[in-house]
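Accompanying notes for the structure given below.
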Amino acid sequence: MTDLRPIATEMGVDAAWQEHGGSFWLNPESLDVRRMAERMNAHDARFVTITALELPEGGGIRLDYHWDVGGTLATVSTLAENGAVASIYDLCEAADWIEREIHEYFAIEFTGRDCAPLLLRSDVAPGVLLHKEDE
């Protein structure tokens, strides 16, 4: 198993990795996702995907960044502050499709890039998977 502690330190995160469900999870209070991607790249980590989850009661959208670090699955979580998070596409081309998909489904803006439509028609507003109150 790969020692993930140095990666957290290099990301400037003061939190411990917790093993759960076959992955090691890092849930910092705040996260610079670009610095995370840079540090993961420096450790030859392979980007796997990002999962998005709408939190209950208006808690926002949680993004979980999944990486393979030498055969160890590492997941780093953050909240999309005000519906936006920095793009890592220019640091990790494999993030292209999933950033655009999350933009369409959850209306998250990935700053620093254009999220051209993937599956939705251009006349459909992003956020089709968000819970909407009955009017």
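The values are calculated or read from the model by the stated rules, or taken from the named source; none is laboratory data. Just so it is clear, the model here is predicted, and its values are computed rather than measured. All Cβ positions, even for glycine, are placed from backbone atoms using ideal geometry, and neighbour counts span all protein chains on display.
In the stretch 11-23, of all residues being assigned to a loop (DSSP other than H, G, I, E, B) and in contact with a strand residue (DSSP E or B) (Cβ under 7 Å, 6 or more places away or on another chain), the one that is surrounded by the fewest Cβ atoms within 10 Å (Cβ to Cβ) corresponds to Gly22. For the residues Arg121, Arg100, the requirement of being without any contact (Cβ under 8 Å) to a residue 40 or more places away in the chain, surrounded by 15 or more Cβ atoms within 10 Å (Cβ to Cβ) and of a type in the set (Lys, Arg) singles out Arg100. Among the conditions (1) farther than 24 Å from Arg113 by Cα; (2) touching a residue at least 40 places away in the same chain (Cβ under 8 Å); (3) among the acidic types (Asp, Glu), Glu54 misses just one, which is (1).
The combined condition, being in contact (Cβ under 8 Å) with a residue 60 or more places away in the chain, exposed (fewer than 15 other Cβ atoms within 10 Å of the Cβ) and under 30 Å from Asp3 (Cβ atoms), is fulfilled by Gly71. Pick out the one residue from Ala45, Ala80, Ala37, Ala95 that is closer than 27 Å to Gly21 by Cβ, over 13 Å from the mean Cα position of the chain (by Cα) and buried (at least 19 other Cβ atoms within 10 Å of the Cβ). Within the list Ala45, Ala80, Ala37, Ala95, the selection yields Ala45.
So is Ala8 more than 14 Å from the chain's Cα centre (by Cα), outside any loop (DSSP other than H, G, I, E, B) and surrounded by 20 or more Cβ atoms within 10 Å (Cβ to Cβ) or not?
Values: more than 14 Å from the chain's Cα centre (by Cα): yes; outside any loop (DSSP other than H, G, I, E, B): yes; surrounded by 20 or more Cβ atoms within 10 Å (Cβ to Cβ): yes.
Yes; evaluated as a whole, the condition is true for this residue.
Apart from one condition, Leu26 fits all of (1) buried (at least 17 other Cβ atoms within 10 Å of the Cβ); (2) farther than 30 Å from Ser122 by Cβ; (3) at pLDDT below 95; the exception is (3). Pairs please, first residue from the stretch 14-30 and farther than 11 Å from Ala74 by Cα, second anywhere and of a type in the set (Val, Ile, Thr) and surrounded by 17 or more Cβ atoms within 10 Å (Cβ to Cβ), Cβ atoms under 7 Å, 6+ apart in sequence or on different chains. Listed pairs, sorted by first residue: Pro28/Val13.
Tallying residues that are in contact with a His (Cβ under 9 Å, 6 or more places away or on another chain) and among the polar types (S, T, N, Q) within the stretch 65-121 yields 1.
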